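Structure record follows, encoded as structure tokens.
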Amino acid sequence: MKHNQSSEDYLECILLLSRETEFVHRVDVARKIGVSQPAVQKAIKILEASGYVEFDGMHIYLTSKGEEYAQKVYERHCIITEFLLLHGVNGTDAENDACEMEHVISQTTFEMMKSFVSANKH
């Protein structure tokens, strides 16, 4: 799968929903991301073809490959958010900016942010 923001957003969403509930449904993903159910269905087909999710017609499950990838995206989101907060960015902007930055930031810059956050946790 070509790594892109949309696919990563879906994987991250499915990961977070799977932590809240036993079964993840298309409608849950649609609500959380703010898209239509047909858009979710299309994305699920792409993610399924790439081996990131399994879909039984009702429930969406991350494969081990999908979970690993989603965890990395979510870690980036959390670290970038925390980094921005530590630099005085307000919570809303930090969250919104992290959502964009998590998809394009280099590994080198991410590692710097991660080290900074780790060194500055109270």
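The values are calculated or read from the model by the stated rules, or taken from the named source; none is laboratory data. Treat the numbers as computed from the prediction; the structure is a model and nothing was measured. Every residue, glycine among them, receives a Cβ derived from its backbone with ideal geometry; neighbour counts consider all protein chains shown. To get the accessible areas, we keep the full protein, side chains included, count just its heavy atoms, and leave off ligands, DNA and RNA. Shrake-Rupley method; radii C 1.70, N 1.55, O 1.52, S 1.80 Å.
Data for the structure
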| quantity | calculated |
| --- | --- |
| Total charge dipole magnitude, the chain, about the Cα centre, Cβ charges on Lys, Arg, Asp, Glu only, Debye to nearest 20 | 180 |
| Per-residue HN-Hα couplings for the stretch 51-59 [Karplus 6.51, -1.76, 1.60; θ = phi - 60°; Hz; x = Gly/Pro] | x, 8, 9, 10, 9, 9, x, 10, 10 |
| For the chain, accessible area per residue (1.4 Å probe, heavy atoms of protein chains only), Å² | 58 |
| Percent accessible area from carbon and sulfur atoms, the chain, protein chains only, probe 1.4 Å | 52 |
| Packing rank of 60-66, 12-18, 111-117, where each peptide gets the mean count of other beta carbons within 10 Å, highest leading | 12-18, 60-66, 111-117 |
| Computed [θ] at 222 nm, deg cm²/dmol, the chain (DSSP H ≥ 4; -39,500 (n - 2.57); rounded to nearest 500) | -22000 deg cm²/dmol |
| Peptides 26-34, 99-107 ordered by average Cβ neighbours within 10 Å, highest first | 26-34, 99-107 |
| Cα gyration tensor of the chain - equivalent ellipsoid semi-axes, whole Å, descending | 28, 15, 13 |
